[in-house]
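Scroll down for the structure; my scribbles are underneath it.
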There are 2 protein chains.
Amino acid sequence: MNDGNRQEGQEGQEGQGDQGGQEGATAGSKRKDVRRNQRTLLDAAAAVFVTSGVEAPVRDIAAKAGVGVGTVYRHFPTRADLVIAVYRHQVDACAEAGPALLAAGPTPHAALERWADLFVDFLVTKHGLAGAMQADNAGFETLHAYFLDRLLPVCAELLDAAAAAGEIRSDLTAYQLMRGIGNLCIGAEADARYDARRLVALLVAGLRQGR
Amino acid sequence: MNDGNRQEGQEGQEGQGDQGGQEGATAGSKRKDVRRNQRTLLDAAAAVFVTSGVEAPVRDIAAKAGVGVGTVYRHFPTRADLVIAVYRHQVDACAEAGPALLAAGPTPHAALERWADLFVDFLVTKHGLAGAMQADNAGFETLHAYFLDRLLPVCAELLDAAAAAGEIRSDLTAYQLMRGIGNLCIGAEADARYDARRLVALLVAGLRQGR
DNA sequence: AAACGATACGGAACGCTGTTCCGTTTCACA
DNA sequence: TGTGAAACGGAACAGCGTTCCGTATCGTTT
């Protein structure tokens with residue numbers, strides 16, 4: 001689970017459905033230079049995110065890609081759009097893992113535990129992503145919205161299943177749980193003394209109390 | 001290297017002990033204007049923190065106090081020192097509440113729950129404090145260190161007592177719990193759908209599992 | 001009281017951000 | 001091959017934290 005990103009699949013994202021909509025600028029262009037820059041930019045961003053975190057200066061990404069900053073903003077109107085584009089399929093994979101775990105796991109609560117671990121692993125391996133995903137983070141609202149759109153239904157499904165099975169108390173919203181998990185992951189990659197995974201496990205365990 | 005020559009020898013009180021640290025830089029000055037500005041600055045900062053959060057621009061604080069930015073930095077070498085000075089008393093109160101709750105509460109775990117509530121209430125009512133307290137937050141290391149210095153022993157005491165009483169698992173460090181609580185409070189004040197107190201309670205409840 | 005030396009003062013200036021703007025270049029199509 | 005539309009680069013703008021330094025003020029000394 002180390003590398004993860006790379007361009008793997010960026011070229012594959014044909015962008016047919018694209019419910020997010022913000023991808024309009026970078027869909028299928030007639031011009032070759034546009035497509036090339038788009039791809040170069042995504043590769044450069046992925047590389048810079050790994051070394052400098054998702055809050056790396058836009059100029060760094062532009063430099064790494066060998067383009068001007070204007071080009072970055074033309075392709076990705078906001079930094080969040082760039083982050084989304086880079087991590088889109090990993091988020092999707094996380095979303096798709098939900099139902100699979102629910103079907104496979106011994107109990108809904110076990111599935112929830114595993115799904116949480118998956119989500120945590122994703123967040124902590126992307127330098128600064130958890131922090132950037134914060135709701136109040138100016139300029140990253142789109143990122144926050146994307147995570148919610150994609151993962152909230154999955155989280156709700158797991159939560160509902162566990163509640164229906166009588167395993168957990170049913171009065172915590174999926175939104176609260178998602179934010180709790182996301183918050184617990186903030187800064188985890190920079191602090192060896194802190195184990196986000198552990199705390200998230202504790203939180204999920206806490207859901208069982210007084211079921 | 002560039003020409004960033006510092007001239008030392010101005011701040012004469014560096015070796016002065018002052019460990020627990022009253023006010024950081026400017027304790028008892030001979031000059032009247034110094035003391036006056038110090039006070040004005042603290043009042044202004046407190047007011048601005050309430051309205052704009054602890055990450056408010058230094059210029060705003062200076063303007064509110066009617067002084068130049070240079071004055072702010074002379075009194076409080078870093079923004080974190082200003083934040084610490086403003087909230088010191090409340091942090092101290094929180095630290096002192098720990099042993100009191102332990103003595104009063106029915107069980108150590110109940111005391112831990114109440115203390116966590118106290119800490120959460122403090123954090124969420126100070127706009128942005130939880131985020132600023134983050135370890136990786138550049139320029140706020142001092143703040144992080146102060147919270148740790150002050151509250152970690154208290155948290156450890158509560159945790160140890162609960163563990164000794166057999167109420168909780170004993171393999172979570174006080175540091176991890178503190179960071180977990182702090183993290184869960186991030187952005188709580190800006191999001192009505194999110195209830196940090198609730199999630200922290202869940203986390204603390206999770207400590208009981210498998211005791 | 002007046003002059004003096006120390007030091008605090010204000011705010012311009014610096015370096016670093018994200019973002020916008022626009023003159024110039026490149027591309028696809030005719 | 002010509003041409004117009006679109007993308008390009010990067011200078012420019014705005015806003016941040018922080019530093020620097022000439023000037024103003026203070027407490028002391030004569």
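Quick notes on this structure:
- Percentage relative contact order, segment A:87-206, counting C-alpha pairs under 8 Å, at least six apart: 33 percent
- Couplings 3J(HN,Hα) of segment A:179-187, computed from phi: 5, x, 4, x, 4, 5, 8, 4, x Hz, in residue order, whole Hz [Karplus 6.51 cos²θ - 1.76 cosθ + 1.60, θ = phi - 60°; x for Gly and Pro].
- Cα-based helix-to-principal-axis angle, A:196-206 vs chain A, degrees rounded to 10: 40 degrees
- With its label point put 7 Å out from Cα toward Cβ, A:Arg59 sits 1.9 nm from the same residue's point in the other copies, in order from shortest.
- In this assembly, the B-A interface accounts for approximately 2600 Å² of buried accessible surface in total, computed with a 1.4 Å probe and without ligands, DNA or RNA.
- For segment B:132-139, 3J(HN,Hα) computed residue by residue from phi via the Karplus equation (6.51, -1.76, 1.60; θ = phi - 60°) reads 5, 6, 3, 4, 8, 6, 4, x Hz, glycine and proline entered as x.
- Helical contribution to [θ] at 222 nm, DSSP H n ≥ 4, -39,500 (n - 2.57), averaged over chain A, rounded to 500: -20000 deg cm²/dmol
- The phi-based Karplus calculation (6.51 cos²θ - 1.76 cosθ + 1.60; θ = phi - 60°) puts the 3J(HN,Hα) values of segment B:32-42 at 5, 4, 5, 5, 4, 4, 4, 5, 3, 5, 5 Hz, whole numbers, x for Gly and Pro.
- Using alpha carbons only: equivalent-ellipsoid semi-axes of the protein assembly as shown, gyration tensor based, whole Å: 39, 33, 16
- Stretch gain in nm, segment A:Asp171-A:Asn137, where the contour uses 0.36 nm per residue and the Cα spacing is subtracted: 9.5 nm
- Under 28 Å from the Cα of B:Lys64 - lysines, other chains or at least 8 residues apart: B:Lys30, B:Lys32, B:Lys126
- Rounded to the nearest 20 debye, dipole of chain A from Cβ charges on Lys, Arg, Asp, Glu: 460 debye
- Inter-part distance where segment A:42-79 and segment B:105-161 are each reduced to a Cα centre, Å: 37 Å
- Distances in nm from A:Gln209 to the matching label points in the other copies, shortest first (labels 7 Å along Cα to Cβ): 1.2
- Nearest 10 degrees, 0 to 90: helix B:79-104 Cα axis against chain B principal axis: 30 degrees
The values are calculated or read from the model by the stated rules, or taken from the named source; none is laboratory data. Computed from a prediction, not measured in an experiment: that's the story for all the values here. Reconstructed Cβ throughout: ideal geometry from the backbone, glycine too, with neighbour counts over all protein chains shown. All accessible areas refer to the heavy atoms of the entire protein, side chains included, with ligands and DNA or RNA removed. Shrake-Rupley method; radii C 1.70, N 1.55, O 1.52, S 1.80 Å.
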